Amino acid sequence: MAHPVLDLVRHGLQLWLRGQCDALDHLQLDLDGTPKGLLKGRLDTARLQARGVVRGELRLSRAIITCRDLQLDLGRLRPGQPLPLAAPLSVTVDLWCSAADLQHMVLDAEDAAMGVALLTHFRGPSAGNCRGWQLQITDAGLRLLPPAQQTQIPPLLLQLKAVDHEIVVHGEGVPDRPTTIPLDPAIRIHELRFDAQYLCLRGEALVKP
């Protein structure tokens with residue numbers, strides 16, 4: 001039989017995640033804790049798995065969020081309300097971005113600031129906007145293809161690496177001029193890799209009460 005406090009925690013975590021997103025295709029939540037610990041506001045582990053995550057310009061094909069040693073303020077725990085934390089929470093985050101996800105975030109976003117910044121950095125101020133550019137994922141990194149009518153412009157090949165908990169981008173032909181992708185200060189990247197379909201990231205984030 002489910003513990004009533006555990007049910008409240010599960011519901012609060014679901015609200016917290018959905019409240020951070022504009023859309024979710026799928027959500028699975030697994031909790032691990034003891035009744036004694038729960039009565040003290042402690043939860044051993046919470047694991048959230050989501051697919052089709054949309055938050056503003058952010059697009060993720062898959063996300064796994066793992067929280068350990070969750071400390072709750074039970075006095076403020078209410079059905080239908082966000083989860084009240086009693087202490088800062090360190091969260092492990094695993095993310096998968098498809099080429100379509102990255103296309104939207106880097107090149108097709110309303111202002112496409114990231115795409116423009118990358119083109120300007122590696123191709124110079126005359127590179128212009130990134131309208132019509134297409135993004136592909138390769139085993140080595142990203143390939144940005146210019147609009148079909150601009151056949152005189154070569155593709156831009158980019159390598160991404162996790163360095164000092166940040167995402168550093170190197171452009172082919174100018175390996176000595178890398179740039180860093182801005183991240184929220186609360187996020188630290190530990191691992192970055194590519195497979196045939198996805199950019200995969202592992203990191204951690206600090207969530208404050």
*How many of the residues making up segment 42-65 are open to solvent by 70 Å² or more (accessible area, probe 1.4 Å) and over 17 Å from the mean Cα position of the chain (by Cα)?*
2
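Report yes if residue 101 is part of a helix (DSSP H, G or I), touching a strand residue (DSSP E or B) at 6+ places or on another chain (Cβ under 8 Å) and open to solvent by less than 50 Å² (accessible area, probe 1.4 Å), otherwise no. Reasoning before the result, please.
Values: part of a helix (DSSP H, G or I): yes; touching a strand residue (DSSP E or B) at 6+ places or on another chain (Cβ under 8 Å): yes; open to solvent by less than 50 Å² (accessible area, probe 1.4 Å): yes.
Criteria met by residue 101.
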_Residues within segment 66-90 that are closer than 17 Å to residue 27 by Cβ and open to solvent by less than 20 Å² (accessible area, probe 1.4 Å), tallied_ = 2
*Kindly provide the set of residues from segment 109-166 that are under 23 Å from residue 55 (Cα atoms), open to solvent by 80 Å² or more (accessible area, probe 1.4 Å) and in contact (Cβ under 8 Å) with a residue 40 or more places away in the chain, ordered by number.*
110
*Which condition number in (1) touching an Asp or Glu at 6+ places or on another chain (Cβ under 6 Å); (2) open to solvent by 30 Å² or more (accessible area, probe 1.4 Å) is the one that residue 39 fails?*
(1)
*Within the set of pairs 6 or more residues apart or between chains, which connect a residue that is closer than 27 Å to residue 120 by Cβ inside segment 180-202 to a residue that is of a type in the set (S, T, N, Q) and part of a strand (DSSP E or B) with Cβ atoms less than 6 Å apart?*
198/98
*Would you check which residues across segment 174-209 are at pLDDT below 85, open to solvent by 70 Å² or more (accessible area, probe 1.4 Å) and either assigned to a strand (DSSP E or B) or under 22 Å from residue 119 (Cα atoms) (or both) and list them?*
175, 176
_Residue count for segment 47-65, restricted to those that are out of contact with any Leu (no Cβ under 9 Å at 6 or more places or on another chain) and farther than 17 Å from residue 187 by Cβ_ = 0
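Here is a yes/no grid of residues against (1) out of contact with any strand residue (DSSP E or B) (no Cβ under 8 Å at 6 or more places or on another chain); (2) closer than 30 Å to residue 39 by Cα; (3) hydrophobic (A, V, I, L, M, F, W, C):
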site	(1), (2), (3)
90	no, yes, no
106	no, no, yes
112	yes, no, yes
116	yes, no, yes
126	yes, no, no
143	no, no, no
160	no, no, yes
164	yes, no, no
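The values are calculated or read from the model by the stated rules, or taken from the named source; none is laboratory data. What you see is a predicted model, and the numbers here were worked out from it, not measured in a lab. Neighbour counts are summed over all protein chains in view; Cβ atoms, including those assigned to glycine, are modelled from backbone coordinates with ideal geometry. Just the protein is used for accessible areas: all its heavy atoms, side chains included, with ligands, DNA and RNA removed. Shrake-Rupley method; radii C 1.70, N 1.55, O 1.52, S 1.80 Å.
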